[in-house]
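So the structure is just underneath, and the comments pick up after that.
Each value in this text was obtained by applying a stated rule to the coordinates, not by laboratory testing. Being a predicted model, the structure only gives us computed values, none of them experimental. Neighbour counts run over all protein chains shown; Cβ positions are idealised from the backbone, glycine included.
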Amino acid sequence: MKPAPFAYLRPQSLPEALAALAGEANAKVLAGGQSLVPLLSMRLAAPSLLIDINGLPGLADVTVTGEGVRVGALARHADVLASVEAGRVQPLLAMALSHVAHPTIRNRGTTVGSIVHADAAAEMPVVLKLLGGSVEVESVSGRRTIPADDLYLGPLESSLHHDEIAVSAFFPALPPGGGVAFDEIARRHGDYALCGVAALVRLDGDRVAEARAGFLSVNEVPTVVDLAADLADGVTDAALAAAGETALAALDPADDIHGTAAYRAQLTRVLTTRVLRSAYDHAVATSATEGQ
Ligand SMILES: Cc1cc2nc3c(=O)[nH]c(=O)nc-3n(C[C@H](O)[C@H](O)[C@H](O)COP(=O)(O)OP(=O)(O)OC[C@H]3O[C@@H](n4cnc5c(N)ncnc54)[C@H](O)[C@@H]3O)c2cc1C
């Protein structure tokens, strides 16, 4: 099948792109095209106008500070993955990005595009939400920041308004005493996951001060569950198993063509336990290094 006919515009400035978007109710932004072009080809989307943002200046940077990593709207997954500084300040980025599709797709697909596409099977929306990040969006009316907690409304549905372009996403740095981990199960490496888990653990001395996990391909939206209570009395096998059950109780794994709800529930239990343990081990190592 071929896409339905559409007009194409490649603006050279952000104001030009925003004006075009505001002027056409059925327009769509085109970034890396790795999700949108297949949707067009299958006629699951039929915009009257494609606004290709690849010619806009100043949006391709990955900017790293002590506070975190800001990823511009035209930074490709591969650019973020290749940034040694980004990996140092927030190691979860590289851990998760290495599971996003294949190198050819990561060379073109943008991290911000993935975040606003709002696919519950994608890695980076969950990472943004777990870390408490945000997205900076702009329209002809001005700029606003959307916290990740307010970003995901439903399957493939974000809280961006039709006339807004996401200009960057911000991922907070690993906190002192913090550790992170990521793992997923997919039929083949690079496929969308049947279930994936990202975790963050923060230690205050020997005490677990924070522990939470984010889940992809389990609920209809990227979902984060607080698991600190299960680890309050120590990180034992029993406590980790209890955290797996707590996570499952807060989630709603469903059947689909890729797996049954029961299989997904079992993956959720196993991955939560495994990833939380790795994040804890990472936090212990981070704390030891900071103490030196
Ligand atoms: C074979 C294959 C396998 C894949 N596997 C995975 C995977 O395992 N995990 C995963 O996470 N992803 C996967 N992807 C998707 C890939 O990560 C895409 O890069 C990503 O989903 C979208 O980024 P994009 O830049 O290509 O966006 P596009 O396809 O250009 O756009 C996607 C949507 O977001 C909107 N959009 C994009 N950028 C902006 C912006 N700056 N402001 C406002 N709206 C915007 C578009 O209008 C469109 O609705 C896969 C893709 C393919 C083709």
(request) Take peptides 120-127, 234-241, 273-280 and line them up by average Cβ neighbours within 10 Å, highest first, as a rough protection proxy. (result) 120-127, 273-280, 234-241
(message) Please list, in order along region 255-261, the HN-Hα scalar couplings obtained from phi with the Karplus expression 6.51 cos²θ - 1.76 cosθ + 1.60 (θ = phi - 60°), rounded to whole Hz, x for Gly and Pro.
(response) 6, 8, 5, 8, x, 7, 4
(message) What would the Debye equation give as log₁₀ I(q)/I(0) for region 42-174 at q = 0.21, 0.22 Å⁻¹, counting only Cα atoms as equal point scatterers?
(response) -1.39, -1.52
(request) Step through the residues of region 275-286 one at a time and calculate ³J(HN,Hα) from phi using the Karplus curve (6.51 cos²θ - 1.76 cosθ + 1.60, θ = phi - 60°), rounding each to whole Hz and writing x for Gly and Pro. (result) 6, 5, 4, 5, 5, 5, 4, 5, 5, 4, 5, 4
(request) Could you list SER158, SER217, SER41 in order of exposure, starting from the residue whose Cβ has the fewest other Cβ atoms within 10 Å? (result) SER41, SER158, SER217
(message) Let me understand region 142-259 better: what is its radius of gyration from the alpha carbons, and its Dmax, in angstrom?
(response) 16.6, 51
(message) Suppose the chain between ALA209 and ASN26 were pulled fully straight at 0.36 nm per residue; how much longer would it get relative to their current alpha carbon spacing?
(response) 61.2 nm
(message) For region 40-92, take the convex hull of the Cα atoms, compute a quarter of its surface area, and give me that in nm², please.
(response) 5.4 nm²
(message) If I model the chain as equal point scatterers sitting on the Cα atoms and use the Debye formula, what is log10 I(q)/I(0) at q = 0.14, 0.15 Å⁻¹?
(response) -1.01, -1.13
(message) Sort VAL167, VAL208 by Cβ crowding within 10 Å, fewest neighbours at the top.
(response) VAL167, VAL208
(message) Please report, in whole Å³, the volume per residue of the convex hull around the C-alpha atoms of region 1-42.
(response) 76 Å³
(request) Go ahead and estimate [θ] at 222 nm for the chain from helices alone: -39,500 (n - 2.57) per DSSP H run with n ≥ 4, summed, over the residue count, rounded to 500. (result) -10000 deg cm²/dmol
(request) Out of all DSSP beta bridges with both ends in region 1-103, state the antiparallel percent to the nearest 5. (result) 30 percent
(request) List the relative contact order of the chain as a percent without decimals, with contacts defined as Cα pairs under 8 Å and 6+ residues apart. (result) 15 percent
(request) Quick one: net charge around SER35, please, counting Lys, Arg +1 and Asp, Glu -1 for every other residue with C-beta under 12 Å from its C-beta. (result) +1
(message) Using amide H atoms built in the peptide plane, which far-off residues or other-chain residues are under 5 Å from VAL167 H to H?
(response) GLU136, VAL137, GLU138
(request) Starting from the Cα coordinates of region 212-262, work out the convex hull volume and express it per residue in Å³. (result) 76 Å³
(request) Over the alpha-carbon set of region 104-184, work out the extent along each principal axis and list the three values in angstrom, largest first. (result) 41, 31, 25
(request) Provide Rg over Rh for region 184-240; use the alpha carbon set for both Rg and the Kirkwood Rh (inverse mean inverse pair distance). (result) 1.08
(request) Just grab the label-to-label distance for ASP256 and ASP191, each label 7 Å out from Cα along the Cβ direction, in nm (one decimal). (result) 1.2 nm
(request) Among LYS28, LYS129, rank each residue by its count of other Cβ atoms within 10 Å, from fewest to most, as a rough exposure measure. (result) LYS28, LYS129
